[in-house]
Each structure stands twice: as structure tokens, then as C-alpha cells.
Amino acid sequence: MYKIAVLGDRDSIYGFAALGLDIYPVALSVDTSEAVKKLRELVEGDYAVIYIIESLAEKLKNEIQRNSSAKLPAIIPIPGASGNTGFGMRMVKKSLEQAVGSDILFRD
């Protein structure tokens, strides 16, 4: 059975544990090696969905892009405790443009 993981800073993700999701707190420091290592472990694990805090997802965008062509897991940016950075919406826009061939939702 597939599982769902949440990756991000401690303050942003602890509430997801109450929902039964697996949480993986990582420091949002300048050095992202710990977060890259953890994301790679999760991608290779039994996870169908990996939620990642937007501020961390921006730092790991190359690693996320590397895994974007795989069917599973889906890596989905979500706002953290510090708020929405807009990174998640930019990823949705880019994915839509690739799938459809034009910007049908945002039109900006």
C-alpha cells in the first residue's frame, strides 16, 4: 500500500502527523544536502505522494524536476508556516502549459 509523506520545516509539517501522514522535518538552511538526501530516500520508498513545503521546494527544484517524469511519487509543493511563495502555482502553470500547449488558465 502506498503512503503519503510531508517534507519541510518542523513548524509547518507537524499538524500533518495528526492526519496519519508520515512527516520528515528538515532544516531550511542554506545547505540543502540533508533535504536532498531525504527527498531521494522518499522517492525511492513506498510513497505515492510527497508534499513539500514551497520554500524548500524552491531550493530543491532541480531535484524535483529530475523526478517529474516518473508516474510515482507525485511531488506537490504546499504553503508552509511562513505563507505562500507562489512556487506551487508556477509549477502548476508550467505543467499545464506542457500538457496542453498553451496557458489556458492564467493567461498572463
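A few points about this structure:
- Counted charge near residue 42, where neighbours are those whose Cβ lies closer than 12 Å (Asp, Glu -1; Lys, Arg +1): -1
- GNM top mover of 96, 60, 21 - the chain, alpha-carbon springs below 10 Å: 96
- Folded to 0 to 90 degrees: helix 33-44 orientation relative to the chain principal axis, Cα: 80 degrees
- Prolate/oblate/rounded call for region 55-108, Cα gyration tensor, a/c under 1.5 rounded: oblate
- Helix axis angle, 87-100 relative to the chain longest principal axis, alpha carbon, degrees: 40 degrees
- Magnitude of the charge dipole for the chain, about its Cα centre and with charges confined to Cβ atoms of Lys, Arg (+1) and Asp, Glu (-1), is about 220 debye.
- The chain, relative contact order [Cα under 8 Å, separation at least 6], %: 24 percent
- The chain, Rg to Rh (Cα coordinates; Rh as Kirkwood inverse mean 1/r): 0.97
- Listed residues 63, 41, 97, most fluctuating in the chain (Gaussian network, C-alpha, under 10 Å): 97
- Bridge orientation summary for the chain: considering DSSP beta bridges with both residues in this region, about 5 percent are antiparallel.
- Between residue 14 and residue 102, the C-beta separation translates, for a Förster distance of 25 Å, into a calculated FRET efficiency of about 0.05.
- Inter-label distance, nm, simple model (7 Å from Cα along the C-beta direction), residue 61/residue 40: 2.2 nm
- Candidates 36, 49, 92: whichever shows maximal mean-square fluctuation once the chain is modelled as a Gaussian network with Cα springs under 10 Å: 92
- For region 17-108, with +1 on Lys and Arg beta carbons and -1 on Asp and Glu, the positive-most of 26, 39, 101 along the dipole: 101
- 20 Å Cα-Cα threshold exceeded, pairs from 3/71; 37/94; 3/61; 59/94; 61/94; 38/59: 37/94; 3/61
- For region 1-85, applying the loop criterion from DSSP together with a ceiling of 13 other beta carbons within 10 Å to the trypsin sites (Lys or Arg not before Pro) yields 71.
- Sequence of 85, 32 when ordered by accessible area, the most exposed leading, probe 1.4 angstrom: 85, 32
The values are calculated or read from the model by the stated rules, or taken from the named source; none is laboratory data. Just so we're clear, the structure is a prediction, and the values are computed from it rather than from any experiment. Methodologically, a virtual Cβ is constructed for each residue, glycine included, from the backbone with ideal geometry; neighbour enumeration extends over all protein chains shown. Please note that ligands, DNA and RNA were not included when accessible areas were found on the heavy atoms of the full protein model with its side chains. Shrake-Rupley method; radii C 1.70, N 1.55, O 1.52, S 1.80 Å.
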